[in-house]
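Below is one structure, written out as structure tokens; the observations come after it.
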Amino acid sequence: RKFFRYQLSYYRKELTAFYLIVIALFTFVTIVAGIVFSQNGAEIKTFSGMETMSLIFMFVCAAAAYKYHLHMGLQNSVSRKSMFISNMATSVMIALLMSICDKVLATVFGALSSKVGIEGFSSLYGMIYGNSISNNAVFVFLHNLVFSFLIYTLFSILGNFIVGLYCRMNLIAIISVSITVPAAIFILLPVLNYLTGNAI
């Protein structure tokens with residue numbers, strides 16, 4: 001429990017900085033869009049990217065914190081089993097917190113952006129599935145929330161896993177993993193998804 005709380009406290013500054021940047025960025029985009037619309041009548045249907053930023057943040061933070069927490073745990077006689085369990089629990093807790101924050105911010109910025117002619121946010125879930133699951137807005141929102149939570153958790157655990165592998169690998173193996181994992185996620189999976197008619 002102590003190590004879990006310690007790991008959660010590590011994310012406090014990172015999460016605060018991340019969401020301050022996100023709020024500043026989307027506020028800037030909304031203001032600029034409002035100015036552009038008022039001047040030349042340009043039009044943007046939707047804008048997105050919040051979830052992608054969160055995915056990258058989850059992956060990088062988990063990867064960056066892994067060795068630091070490992071060394072801190074070993075210095076304080078925390079067993080590897082306890083470290084593993086607290087790592088997973090931290091990933092789940094941060095993913096849940098970020099998925100809720102992202103949905104709240106998307107709702108707020110969606111409402112603000114509609115004032116300047118943007119229809120709102122396009123979520124990752126919406127771009128992949130649309131409303132094919134249900135026509136019920138609440139049901140779609142809950143699916144969206146669960147989808148974000150699971151994919152954030154996946155990327156956090158993936159960050160932990162890859163750095164855990166790096167600790168046991170030589171340079172050639174590290175380079176191989178660094179190339180094949182992103183290629184599999186961003187090239188192979190989309191191609192397979194296309195070939196299977198979006199079944200994945």
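The values are calculated or read from the model by the stated rules, or taken from the named source; none is laboratory data. These numbers come from a predicted model, not from an experiment. Note: ideal-geometry Cβ built from the backbone for every residue, glycine included; neighbour counts use all protein chains shown. Quick note on the areas: whole protein, heavy atoms, side chains included, nothing else; ligands and nucleic acids left out. Shrake-Rupley method; radii C 1.70, N 1.55, O 1.52, S 1.80 Å.
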Highest mean packing first, using Cβ neighbours within 10 angstrom, the peptides 102-109, 54-61, 71-78 sort as 54-61, 102-109, 71-78
Give, as a single signed number, the net charge of other residues whose beta carbon lies under 15 Å from the beta carbon of residue 151, with Lys and Arg counted +1 and Asp and Glu -1.
-1
Helix 50-75 vs. the chain, principal-axis angle (Cα, 0 to 90°, nearest 10):
20
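On the accessible surface of the range 128-200, probed at 1.4 Å, how many percent belong to carbon and sulfur atoms? Could the numbers behind the result be given before it?
On the way: 3720 of 5020 Å².
Ligands and nucleic acids excluded, carbon and sulfur reach 74 percent.
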Number of Lys pairs (Cα under 23 Å; 8 or more positions apart or on different chains) in the chain
9
With Cα atoms, 0 to 90° folded angle of helix 171-183 axis to the chain main axis:
30
